[in-house]
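In what follows, a structure is listed as structure tokens, so that the remarks can point back to it.
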Amino acid sequence: MYVREQEREIELMGHYDVVVCGAGPAGIAAALSAAGQGLRTILLDAGGCLGGIWTSGCLSVILDVEGKGGILALIKARLTALSAVLPRGNQVNFVYDVEALKVLLEDLCTEAGIEVLLHTRVVAVAKEGSSIQAVLTESSQGRMGIAGKIFIDCTGNGDLAAQAGCAFELGHPETGSIQPASMLAIVSGVPEAFTQMQTYEKKREFNDFLDTYGIVPSNKAPTIIELPWAGLCILSVNHQFRVHSDKILDITKATIQARKEINTIVQRLRDEAGWSQLRLVTTPAHIGLREGRRIQGDYMLGLADITSGQAFGDGVCLVKFKVDIHAMEPGQSHGYGNGGVVTQPYQIPYRSLIAAGLDNLGLAGRCISGDFFAHASYRVTSNAVATGEAIGFAAAGAIAGGNRFRAVPGEEVSLEMSKRGYLL
């Protein structure tokens with residue numbers, strides 16, 4: 001059954017040099033990088049704060065930060081000045097305070113002159129030939145159009161690119177299976193002996209501990225991580241299986257089930273010796289999706305690249321993170337593994353950030369062009385920042401070249417990322 005939407009004219013609320021859709025780690029970096037070159041930039045997000053999974057998802061940990069400079073280094077420095085980073089962090093990752101980061105990201109965007117629209121979702125695209133002319137959005141204000149010269153998809157799930165008709169892949173190449181979604185939680189009152197679980201072995205020990213009390217988490221590598229403020233920790237016990245990013249009923253069901261599981265486990269633990277002070281402080285509004293659409297770009301980063309440690313003339317960042325495939329079906333005994341794939345440090349090329357078939361659409365974050373195994377490695381948020389910063393820098397050259405990302409030599413982007421402190 002269908003209904004026909006009445007044809008109507010949509011008011012354009014403005015015309016921008018750069019329109020960034022999605023204000024998670026990739027979108028923040030893309031907007032800051034573009035605005036830093038004097039480009040009139042607008043940043044849209046469907047949520048109620050900047051940062052995406054960093055903030056509304058309560059992620060609290062940024063992985064694979066070694067050798068990452070630029071905007072990520074700036075964010076860490078500003079958080080450190082606020083005493084909002086765990087002092088025991090290292091060069092590989094760091095743990096931060098969610099509320100401090102929310103305000104910091106708003107401050108950074110304000111300082112850069114970026115226009116921000118929250119509670120605003122992109123729902124359609126107006127195209128002319130091989131160029132996007134405008135995005136159509138929905139909010140409590142109704143439907144509005146936003147025109148631009150350059151558009152950057154930082155939605156994580158490739159929503160903008162899909163609406164523009166771009167080809168994409170999703171899931172494992174043989175089975176179509178996807179990695180599970182997860183909901184994190186912030187808790188207080190964790191016994192000191194359980195506040196550090198950085199290794200897989202420690203997580204499995206915690207799983208065995210829970211099993212002795214008849215607690216069976218859906219994530220078989222449950223984790224607790226101490227946060228910067230004394231007494232607060234992140235609790236990760238949840239896997240929601242077969243949750244597709246383009247099926248909103250599945251996402252809704254997974255969100256409800258995840259929150260129920262977290263509450264149940266916390267309540268059960270409070271009944272055990274030594275855990276009586278455990279309290280659930282908050283669960284996020286944003287369930288974490290590990291997989292979405294992988295948009296077809298000018299180059300698809302693949303298995304051969306990540307296992308050989310491929311370098312590119314247009315490389316924008318160096319990825320050192322392993323292949324991280326979480327259990328894709330309920331009943332599997334492991335929490336996560338590498339799927340038998342061993343990586344060498346490799347680069348993400350600028351060409352993987354350009355949407356195939358369109359001139360003025362850039363990609364950053366999880367939706368860049370790569371196969372299942374490469375995605376399972378580069379999807380962590382430090383690399384989302386790097387790809388966002390690179391494509392945001394390229395926006396100025398793309399505008400100068402007739403609103404075409406392909407007019408920008410990838411080697412120039414690579415050189416700029418190196419100047420900004422990125423190890424290549």
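The values are calculated or read from the model by the stated rules, or taken from the named source; none is laboratory data. In this text the structure is predicted, and so the values were computed from the model without any measurement. Neighbour counts are summed over all protein chains in view; Cβ atoms, including those assigned to glycine, are modelled from backbone coordinates with ideal geometry. When the accessible area is computed, the model is the full protein with side chains, heavy atoms only, and any ligands, DNA or RNA have been set aside. Shrake-Rupley method; radii C 1.70, N 1.55, O 1.52, S 1.80 Å.
Okay, here's what the table says:
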item	result
Subset of the range 124-141 (residues that are closer than 20 Å to G402 by Cβ and either modelled with pLDDT under 95 or among the polar types (S, T, N, Q) (or both))	S130, S131, Q133
Residue in the range 294-304 that is without any contact (Cβ under 8 Å) to a residue 60 or more places away in the chain and of a type outside the set (D, E) present	yes
Checking L136 against (1) within 18 Å of I325 (Cα to Cα); (2) open to solvent by 30 Å² or more (accessible area, probe 1.4 Å), the condition it does not meet	(1)
Odd one out for S56, checked against (1) more than 17 Å from L118 (Cα to Cα); (2) open to solvent by 10 Å² or more (accessible area, probe 1.4 Å); (3) hydroxyl-bearing (S, T, Y)	(1)
Residue check for G309: surrounded by fewer than 20 Cβ atoms within 10 Å (Cβ to Cβ) and either more than 26 Å from L72 (Cβ to Cβ) or at pLDDT below 95 (or both)	no
So R143, is it open to solvent by 60 Å² or more (accessible area, probe 1.4 Å) and either of a type in the set (V, I, T) or not in a strand (DSSP E or B) (or both)	no
First in the range 202-221 and at positive phi, second anywhere and at pLDDT 90 or above, Cβ under 9 Å, 6 or more apart	G214/R268
Residues that are open to solvent by 40 Å² or more (accessible area, probe 1.4 Å), in contact with a strand residue (DSSP E or B) (Cβ under 8 Å, 6 or more places away or on another chain) and more than 20 Å from F151 (Cα to Cα), drawn from the range 404-424	L423, L424
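Residues checked against (1) within 16 Å of G156 (Cα to Cα); (2) in contact with a helix residue (DSSP H, G or I) (Cβ under 6 Å, 6 or more places away or on another chain); (3) open to solvent by 10 Å² or more (accessible area, probe 1.4 Å); (4) not hydroxyl-bearing (S, T, Y):
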site	(1), (2), (3), (4)
A23	yes, no, no, yes
Q37	no, yes, yes, yes
I42	no, no, no, yes
G47	yes, no, yes, yes
